[in-house]
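Notes for the one structure printed next.
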Amino acid sequence: MRIFDFVVSLTSIIILLPLFLFTAFLIILISPGPVFYSQKRVGRYGRLFNLYKFRTMVVNADQIGTSVTTGSDPRITKVGRYLRKTKIDELPQLLNVLKGDMSFIGPRPDVPEIVNNYSSEMKRILEIKPGITSNASLHLRNEEDILSLAKEPNKAYEDIFVPAKIELAMEHVYRKSVLFDLGVLILTVWILTGGRILHLPTKEHHIVKKIKDAIGRMNNETGLNNANSWKEGRVGGWESGIKR
């Protein structure tokens, strides 16, 4: 698998180099500053690494707003909005695959603050090399739009989206197989091509509906007890299916 990742990532970078350069030019033209954005993530066996993305927000966005981004966030630049929608902003992670930090398919890597609160069962996620595409990134590809439905996006992200993402990531553990990875790959191709190459039936993952229902309940609740967090397995009506 490492040989596959290395060869395919290197080939992809060479082929996509013109797109990389054009994207970098647009980023600098619209919002002067760094082309890339990097963030510490936790990889396989708990090893920290820098995850790369094209910068889609204004410089120092993390200092002028919250850590949660919704679809209407004013910190997102004009070109950044397009990059996020098309997932082009994720392409620099080919460098992570080339370096060996990531694979093409695997659970998305979390930040240390979230991983530090993993239960022993959740830590099984760290046995698998993180990927560019995953079960969670496919089914929650409209995450920012869904998050916009919440009256309190920060709370909704921590109490609803975090456990949902972990639950989806655990499917890479419970259903680990070549067939499962192939399914994720096929669905990724279908999404990236807008269904033009592969014609697949569209069906919303049950967790997406679960998220929307939990957000609806959270919006209707007043004085939600902060103790009901994902760390305890139940939040805002979210019942986690993961063993603690």
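Every number in this text was worked out from the coordinates using simple rules, so none of it is lab data. The structure presented is a predicted model; accordingly, all values stated were derived computationally and were not measured. Methodologically, a virtual Cβ is constructed for each residue, glycine included, from the backbone with ideal geometry; neighbour enumeration extends over all protein chains shown.
Between Asp62 and Ile28, what is the spin-label point distance in nm, taking each point 7 Å from the Cα along the Cα→C-beta axis?
Between Asp62 and Ile28, the simple spin-label model gives 2.3 nm.
Under a GNM of the chain (C-alpha, springs under 10 Å), which listed residue has the highest mean-square fluctuation: Thr69, Thr11, Thr56?
The residue with the greatest mean-square fluctuation here is Thr11.
Within the chain, which whole H helices from DSSP have a Cα span along their axis of at least 24 Å and a mean Kyte-Doolittle hydropathy of -0.5 or more, if any?
Span-like helices in the chain: 2-30.
Multiply the residue separation of Lys99 and Tyr45 by 0.36 nm, subtract the distance between their alpha-carbon atoms, and state the gained length in nm to one decimal.
Here the segment from Lys99 to Tyr45 would lengthen by 17.8 nm.
Send over the semi-axes of the chain's equivalent ellipsoid, whole angstrom and largest first, taken as the square roots of 5 times the C-alpha gyration tensor eigenvalues.
Details: eigenvalues 156, 105, 65 Å².
Output for the chain: semi-axes of 28, 23, 18 Å.
Non-local amide H neighbours of Gly43 (under 5 Å, H modeled in plane, Pro and chain starts lacking H): which ones?
Hits under the 5 Å cutoff: Leu48, Phe49.
Taking the simple approach of a point 7 Å from Cα along Cα-to-Cβ for both Arg141 and Ile14, what is their distance in nm?
About 2.8 nm, to one decimal.
If I build a Gaussian network model for the chain, linking alpha-carbon pairs within less than 10 angstrom, which residue out of Leu168, Leu98, Leu192 has the largest mean-square fluctuation?
Judging by the Gaussian network model, the answer is Leu192.
State, as an integer percentage, the relative contact order of the chain based on alpha-carbon contacts under 8 Å between residues 6 or more apart. Walk me through the numbers before you get to the answer.
Numbers: 317 pairs, mean separation 45.4, N = 244.
Worked out over the chain, it gives 19 percent.
Let's test the formula: R0 of 30 Å, r as the Cβ-Cβ distance of Leu182 and Ser38. What FRET efficiency results, to the nearest 0.05? Each step should come with its number before you reach the end.
Working: r = 30 Å, r/R0 = 1.01.
It comes out at approximately 0.50.
Pop out the ³J(HN,Hα) list for region 128-135 in order, Karplus 6.51 cos²θ - 1.76 cosθ + 1.60 with θ = phi - 60°, rounded to Hz; leave Gly and Pro as x.
With the stated coefficients, region 128-135 comes to 10, 5, x, x, 5, 10, 8, 4 Hz.
For the chain, with a Gaussian network of springs between Cα atoms less than 10 Å apart, report the residue from Ala156, Ala214, Ala24 with the top mean-square fluctuation.
The residue with the greatest mean-square fluctuation here is Ala24.
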